[in-house]
Amino acid sequence: MIMMFAKFRVSTLPIFFKLFMLLFFLGSCKKATNDLQKQPESTPTVFAYEVHCDLCNITYNDLNGESRTVRNNTGKWSFNILGKTPSNLKLSVVTTLPGYQSIQAYILKDGEVVYGDLGYNRAEITYSTVNGNGTSSFGSYIPSTSPGGSDQNGGTSSSSSVCGAKNKSGGYCKRVVAGGGRCWQHR
């Protein structure tokens, strides 16, 4: 009987060893696939300029920080900044019409408005991509029948900010927000 037990141990040892190695191998493969799944894929941030105007000149900083101008733009204009984003984005829009016109000027991050507003006859926006804040100056509408006469450059300068969240209809929320950010509905 001892001989049978000795034969059994020797003959079954390779099977137990093979099972142990198989379990060890399967366990290590499963861990490797879990490690791959835990690493998030990073997508690059895309900034863009967007302007809506009837007839205007647009000056902006491109990827290299150089100033570019688009003359006599009509309707919607946009420019995506692909690659390494400059630390400061600048956008300037001036109407080329003799009367007033509304100008919507925005800076977008991954398709969402981060800064911009609705103004009349002119708009100047600067935005820091590092700090996530900006400054803006927009013209205000002054009718030509006002006591002071008309000013084609848009009248007084005011710093303001709008919500800018994208609506279901594809437009942007125009609620004025004190101190920047989003309005009560889009927070």
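General observations
- When Asp110, Asp151, Asp117 are screened for being at pLDDT 85 or above, of a type in the set (Asp, Glu) and either under 18 Å from His52 (Cα atoms) or out of contact with any Asp or Glu (no Cβ under 6 Å at 6 or more places or on another chain) (or both), only Asp110 passes.
- Scope the stretch 120-147; condition open to solvent by less than 20 Å² (accessible area, probe 1.4 Å), modelled with pLDDT of 85 or more and more than 22 Å from Arg182 (Cβ to Cβ); matching residues: Asn121
- Lys90 being farther than 22 Å from Gly170 by Cβ and surrounded by 12 or more Cβ atoms within 10 Å (Cβ to Cβ): yes
- Contacts under 6 angstrom Cβ, first residue in the stretch 121-134 being outside any loop (DSSP other than H, G, I, E, B), partner of a type in the set (A, V, I, L, M), 6 or more apart: Arg122/Val94; Ala123/Val93; Ala123/Ile103; Ala123/Ala105; Ile125/Leu91; Ile125/Ala105; Tyr127/Leu89; Tyr127/Ile107
- Filtered residues of the stretch 81-94 (kept if β-branched (Val, Ile, Thr), in a strand (DSSP E or B) and modelled with pLDDT under 90): Ile81
- Residue that is surrounded by the most Cβ atoms within 10 Å (Cβ to Cβ) [pool: residues in the stretch 62-79 that are at pLDDT below 90 and of a type outside the set (A, V, I, L, M, F, W, C)]: Asp62
The values are calculated or read from the model by the stated rules, or taken from the named source; none is laboratory data. Not measured: the values here are computed from a predicted model. All Cβ positions, even for glycine, are placed from backbone atoms using ideal geometry, and neighbour counts span all protein chains on display. Heavy atoms of the whole protein, side chains included, go into the accessibility calculation; ligands, DNA and RNA do not. Shrake-Rupley method; radii C 1.70, N 1.55, O 1.52, S 1.80 Å.
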